[in-house]
Amino acid sequence: MNELDPVPALRQVVLDATDARALAEFYRRLLGLTYRDGDQPGGAAEDRAEDAAEDGAEDTADWLVLRNPGGAQLAFQRVDRLPEASWPDADPVPQQLHLDMTVASVEELDVQHVRVLKLGGRLLSDRGDDPEEPLRVYADPAGHPFCIFVAA
């Protein structure tokens, strides 16, 4: 491949969730993102969900998008069931995908740790005292793993 050949642009990462709204809210608050027009609570996405509920479907948004002015978006897709990843343990359900987030210092890592737990995340692994790369692995409320670590 030539460097001048066109390549696709990464638009968004999509996370499955049994409750798309709850997971979107977790990441909106954690990362300071904003909803795509119509996806905010009370917006068109909820109108579509109400219409679906009238047709016998569950009363929940099926697809929500969070905007990130500095990069790729996060989208959330409702699924009926979702086995929780067991990673970083060696159990039978692999991570399949995880998000990496960085902070500038161990002090900021500690601040974000408190925020993640307050927002409903769970600590899976703590290497916050690692001298080379302090990091913590969490599960979001739907069980998706993600890491926050100190960038060099």
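R136 passes all but one of (1) under 19 Å from L30 (Cβ atoms); (2) assigned to a loop (DSSP other than H, G, I, E, B); which number fails?
Going through (1) under 19 Å from L30 (Cβ atoms); (2) assigned to a loop (DSSP other than H, G, I, E, B) one by one, R136 breaks only (2).
Among the residues of segment 1-35, which ones are closer than 23 Å to V116 by Cα, part of a loop (DSSP other than H, G, I, E, B) and out of contact with any helix residue (DSSP H, G or I) (no Cβ under 9 Å at 6 or more places or on another chain)?
T18, D19, G32
Is there any pair linking a residue in segment 85-112 that is without any contact (Cβ under 8 Å) to a residue 40 or more places away in the chain to one that is charged (D, E, K, R), with Cβ under 7 Å and at least six apart or on different chains, and which?
If the second residue must be charged (D, E, K, R), the pairs left are V93/E84.
So which residues in segment 126-152 are in contact with a Gly (Cβ under 6 Å, 6 or more places away or on another chain) and either more than 18 Å from S86 (Cα to Cα) or surrounded by fewer than 16 Cβ atoms within 10 Å (Cβ to Cβ) (or both), if there are any at all?
P134, the sole residue that qualifies.
State which residue is surrounded by the most Cβ atoms within 10 Å (Cβ to Cβ) when the search covers only segment 53-74 and only residues that are of a type outside the set (K, R), outside any loop (DSSP other than H, G, I, E, B) and at pLDDT 80 or above.
For segment 53-74, the residue satisfying everything is L64.
Surrounded by 12 or more Cβ atoms within 10 Å (Cβ to Cβ) and in a strand (DSSP E or B), is that true of L123?
Judged against the criteria, L123 is a match.
The values are calculated or read from the model by the stated rules, or taken from the named source; none is laboratory data. All values derive from a computational prediction rather than experimental measurement. Here Cβ is always computed from backbone atoms with ideal geometry, including for glycine, and neighbour counts include all displayed protein chains.
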